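Single-structure report; data block below.
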Amino acid sequence: MGIPSELRHYWAQKTLTNQNLNHNGYDINNCNGRSLLIASPAEEHKILQARLCTQEGVRAGVKAAVITCVATAVPTLTAVRVIPWAKANLNYTAQALIISAASIAAYFITVDKTILECARRNAHYNKRD
């Protein structure tokens, strides 16, 4: 027993396609639309909405991280130069850790909230009249 020719052709095309993906994960050559599974228009719409929600979340997360970075960098760097305890105990690594921890937390919290908000906005419940 071997692999049927259609499956063999599909997997060969799939491996070639995986080598032709760009950095976003989208197919460059489109594999001529050959797939064993055909998505319905509703499923394609859901996939598109999921991608858009993810992109919206990443954009909002980056904005929040940049704002938080500036909002934590200014007081941290000021405190290191003015407050004697901070000058003695917070080296460059500690300062970077304080700023980056706040920025990373803001990024992930904002992305999570934005994606959940977008998912709620796009949710379609089967309501019976």
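Where a number appears in this text, it was derived from the coordinates with a stated rule and is not lab data. All values derive from a computational prediction rather than experimental measurement. Virtual Cβ from ideal backbone geometry, glycine too; neighbours counted across all protein chains shown.
Which ³J(HN,Hα) values, rounded to whole Hz and listed in residue order, are derived for the range 68-75 from phi using the Karplus coefficients 6.51, -1.76 and 1.60 in 6.51 cos²θ - 1.76 cosθ + 1.60 with θ = phi - 60°, glycine and proline given as x?
5, 4, 5, 5, 9, 5, 4, x
By average Cβ neighbour count within 10 Å, what is the ranking of 77-87, 53-63, 111-121 from highest down? Please list the in-between numbers first.
Numbers: 77-87: 12.0, 53-63: 16.1, 111-121: 14.5.
Per-residue Cβ counts within 10 Å, averaged per peptide and sorted highest first, yield 53-63, 111-121, 77-87.
Would you mind checking the radius of gyration and Dmax of the range 39-129 based on alpha-carbon positions, in Å?
In order Rg, Dmax, the Cα atoms of the range 39-129 give 20.2, 69 Å.
With charges set only on the Cβ (+1 for Lys and Arg, -1 for Asp and Glu), what does the dipole of the range 39-129 come to about its Cα centre, in debye to the nearest 20?
Numbers: 11 positive and 6 negative charges, 39 e Å.
Taking the Cα centre of the range 39-129 as origin, the dipole is about 180 debye.
Tally Lys/Arg at +1 and Asp/Glu at -1 over every other residue whose Cβ is under 12 Å from the Cβ of ALA64; what's the total? List each step's numbers first, then the result.
Numbers: positive: ARG59, LYS63, LYS113; negative: ASP112.
Result for the local shell: +2.
Along the charge dipole of the range 39-129, which of THR76, THR54, ILE104 sits closest to the positive end, that is, farthest toward it, with unit charges on the beta carbon of Lys, Arg, Asp and Glu (+1, +1, -1, -1)?
Towards the positive end, the residue furthest out is THR76.
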